[in-house]
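S.K.: One structure, pasted below without further comment.
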Amino acid sequence: MDINLISKTNAKAKRNETLGPLTFGFDIGIASVGWAVLNETRIVALGVRAFDKAETAKEGDSLNLVRRSARLMRRRLRRRAWRLTRLGRLLKRIGILENADYFKSQPGHTDSAWVLRVAALNRLLTPLEWARVLYHLCKHRGFYWVSRAEEAKAEGDTTGESGKVKKGLAATARLMATNGYETAAEMVLGEFPEAQRNKHGEYTKALSRVLLGDELKRLFESQRALSSRLASAELEHDILGIGDRKSGLFWLQKPALAGKDLLKMLGKCTFEKAEYRAPKASFTAERHVWLTRLNNVRVTVAGKSRPLTDSERQAALLKPYEQAADFKYQDLRKVLVATGLDSSFKFTGFAYPSAKQIAEQKAKDPEAERMVKLSAWHELRLTFQRAGQEAAWLQISTAALDGATDLLDQICWILSIYKEDDEVRTELSKLQLPGGESTVTTLLAVRFDKFHALSLKALSKIVPHMLRGLRYDEACTQAGYHHSQTHAVGKGESRLLPPLYEGRAPDGKMVFNEELDVPRNPVVLRSINQSRKVLNALVKEYGSPSAVHIELARDLSRPFDERRDIKKDQDAFRDRNEADKAEFASNFKILGKPRGGDFEKWRLYREQQGKCAYSLEAIDCDRLLELGYVEVDHA
């Protein structure tokens, strides 16, 4: 007998040769990856890889949220401590304090700093009292909106924290005006004598930094009028700055992310690798989304499915721009019927409810689903309308709809990249805007922050073909792109999928591999990464497959609240199903788990009120499980 020694790798290769061409199948969810290996005759192997979701179970927040929130709090406290240290050194340098670290020892005082702030309007303060007033105001300097857009956004926030802050600031400002208080300190002591600070989650005593800055300026003027040598104009300049609400210790704050710094973080286009991604708010990007939905619509008329005709598409093209609310499929139905399409048509692929489900209100109308909403377009329209700049918006919007999209795209680019008002004003002033400076001022109330996968350059090549009715994949081909194959075949070939990260930056942070064009959603990212590990393991075990079939869970793209509602419905169905099985087993004296076919007959018997679906004759429940008495018709 011959005995041959071969390597483990060669043995595996010989074994896999006998299997023939293999197909890998993946069922990718948010917490598991199911996999199977099949050849032409049988299932070779299958299994599942389970992992934790990349979000908290209760709120659906990122797993890094707690750590990130703590880091931001430490950073905020560190900056405040440094600001107060600089104030202490300044007060020592000009002779108000003998020790720059006086306040770090947390000295106790019998009188309140709030009382001293009110007293400073009418009497000369001692050096220590004046130092306490300055320290108190610079430490607790109130809330300040970084931009007009941030403040405008808070007005529409009815449930979030920014909305509560906005409401609290408006309430305290109203108290100031109504009761004629001179300063914020007077108002706080007059309206809230028992407790001057907000408790956690409370904003009824919220104070604006602008309001407190005005008080500090007033106190400097009052002390100088009382011949104080410690309230000099030089000290006021050092603390309050030059009036731009940026300079001076009181206003000192790390600026918002500059445009050039944001561009360092912005990804590149899937097709045009040298181009930055387009803002989702840009006219061209929103039109691309709308045309994708419109061109994919299929209608079933007289039993035959077909795409929309050119006249039908043209009739619907401008409707979402005219309708501020969600544009739904039922809105599209009205448009199509108005063009002459028979009202009995249905949208292909929709799960329409039965008459019984409609009567029992157990199913939603699928045509009530949102088809598209041009959020940025309507936000800009309403902003111009509120500012009385309808003529300027009409000129900008009409040009975009007529094909001259550059101006509106550039406006949305600026409003997405730049965050500070000064930067936005500078960049907008470079454009030829109708209305000039007044239009620039109007646009300061708007900001956008999300980006498309493609650049404006790529979209400008693709969208014109989609306007002719081509689907996205067809338009990509006409533009010289391939919508699903972003890398040239034969270049950079590898048996295994590469990691999602290139390595580590000098500061230790992981550097994402931008060439992979992978979504940054943490839930999606973890699912993709786990799937990559499974695929690589299967390739190492069985070799490269001849085909890969992938099924993606719908949960992957749903927001947390929708997934939570779905799980709640699934749990309710499971509990109801278990209760029904227990009742079934009790009625028919069945021990153990009931057979699925018998249980299905009993459930159908109850749903059909004990009658045959076709003859409407009564069914004897006692004979329900009798072989051959009744059958389930899977129509």
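S.K.: Once fully extended, how much extra length lies between Ser429 and His140, figured as 0.36 nm per residue of separation less the alpha-carbon to alpha-carbon distance?
M.R.: Taking Ser429 through His140 to full extension adds about 100.4 nm, to one decimal.
S.K.: Same structure, new question: Once the piece of chain linking Ala324 and Asn99 is laid out straight, how much longer is it, given 0.36 nm per residue of separation minus the C-alpha distance between them?
M.R.: Taking 0.36 nm per residue and subtracting the Cα distance, the gain is 74.9 nm.
S.K.: Rounded, prolate or oblate for the range 117-271? Axes are the square roots of the Cα gyration tensor eigenvalues, ordered a ≥ b ≥ c, and the cut-off for rounded is a/c under 1.5.
M.R.: oblate
S.K.: Going by a ≥ b ≥ c, the root eigenvalues of the Cα gyration tensor, does the range 400-455 fall in the rounded group (a/c under 1.5), the prolate group (a/b larger than b/c) or the oblate group?
M.R.: Note, shape of the range 400-455 comes out oblate.
S.K.: Relative to the present Cα-Cα distance, how much length would full extension add between Lys334 and Thr41 at 0.36 nm per residue of separation?
M.R.: Extending this stretch completely gives an extra 100.4 nm.
S.K.: Magnitude of the Cβ-charge dipole of the range 564-609, K/R +1 and D/E -1, about the Cα centre, nearest 20 debye?
M.R.: Dipole of the range 564-609, to the nearest 20 debye: 120 debye.
S.K.: In whole percent, what relative contact order does the range 350-424 give with Cα contacts below 8 Å and a gap of six or more residues?
M.R.: Here the relative contact order equals 13 percent.
S.K.: Right, here's the next one. Along its principal axes, what span do the Cα atoms of the chain show, with the longest given first and each in whole Å?
M.R.: Principal-axis extents of the chain (Cα, largest first): 107, 76, 64 Å.
S.K.: Any idea how far the Cα center of the range 180-215 sits from the one of the range 299-342, in Å?
M.R.: Comparing the Cα centres of the range 180-215 and the range 299-342, I get a distance of 56 Å.
S.K.: I would also like to ask the following. So what is the relative contact order for the range 26-162, in percent, with contacts set as C-alpha pairs under 8 Å and at least six apart?
M.R.: Rounded, it is 12 percent for the range 26-162.
S.K.: Then there is this: I'd like the GluC sites (Glu not before Pro) in the range 173-243 restricted to DSSP loop residues with at most 14 other Cβ atoms within 10 Å, sorted by number.
M.R.: Listed in order of number, the matching sites are Glu182, Glu194, Glu202.
S.K.: Which GluC sites (Glu not before Pro) from the range 316-414 combine a DSSP loop assignment with at most 16 other Cβ atoms within 10 Å?
M.R.: Answer in residue order: Glu360, Glu369.
S.K.: Follow-up question, since we're still on this one. What list of ³J(HN,Hα) values in whole Hz, one per residue of the range 401-416 in order, does the Karplus curve 6.51 cos²θ - 1.76 cosθ + 1.60 (θ = phi - 60°) give from phi, with Gly and Pro shown as x?
M.R.: For the range 401-416, the Karplus curve yields 5, 7, x, 8, 8, 4, 5, 5, 5, 5, 4, 5, 4, 5, 6, 9 Hz.
S.K.: Rounded to the nearest 20 Debye, what is the dipole magnitude of the chain about its Cα centre when Lys and Arg each give +1 and Asp and Glu each give -1 at the C-beta?
M.R.: That gives the chain a dipole magnitude of about 2020 debye.
S.K.: For the range 450-476 and the range 388-419, write down the distance between their C-alpha centroids in whole Å.
M.R.: Distance between centres, Cα-based: 19 Å.
S.K.: Near the amide H of Ser208, under 5 Å away, which other amide H atoms are found, from residues 5 or more places off or on another chain, if H is placed in the peptide plane?
M.R.: When sequence neighbours closer than 5 places are left aside, the close amide H contacts are Phe143.
S.K.: Relative contact order, percent, of the chain when contacts are C-alpha pairs under 8 Å separated by at least 6 residues?
M.R.: Relative contact order for the chain comes out at 17 percent.
S.K.: Looking at Gln357, Leu63, Ser32, which one has the Cα that reaches farthest to the positive end of the dipole of the chain (charges on Cβ: Lys, Arg +1; Asp, Glu -1)?
M.R.: Leu63
S.K.: Just the number, please: Stokes-Einstein D of the range 138-198 in µm²/s, Kirkwood Rh from C-alpha pairs, 10 °C, 1.306 mPa s.
M.R.: Answer from the Stokes-Einstein relation: 123 µm²/s.
S.K.: Using a 1.4 Å probe, what is the accessible area per residue for the range 327-366, in Å²?
M.R.: Ligands and nucleic acids excluded, the result is 66 Å² per residue.
S.K.: While we're here: Which number gives the lysine pairs in the range 253-356 that have C-alpha atoms under 23 Å apart and are eight or more places apart or on different chains?
M.R.: 18
S.K.: Quick one: if you take sqrt(5λ) for each eigenvalue of the C-alpha gyration tensor of the range 252-389, what semi-axes come out, biggest first, whole angstrom?
M.R.: Largest first, the range 252-389 gives 38, 19, 17 Å.
S.K.: Please report, in whole Å, how far the alpha carbons of the range 110-163 spread along each principal axis, starting with the longest.
M.R.: 45, 21, 19
The values are calculated or read from the model by the stated rules, or taken from the named source; none is laboratory data. Since this is a predicted model, take the numbers as computed values, not measurements. Note: ideal-geometry Cβ built from the backbone for every residue, glycine included; neighbour counts use all protein chains shown. Note: areas computed on protein heavy atoms with side chains; ligands, DNA, RNA excluded. Shrake-Rupley method; radii C 1.70, N 1.55, O 1.52, S 1.80 Å.
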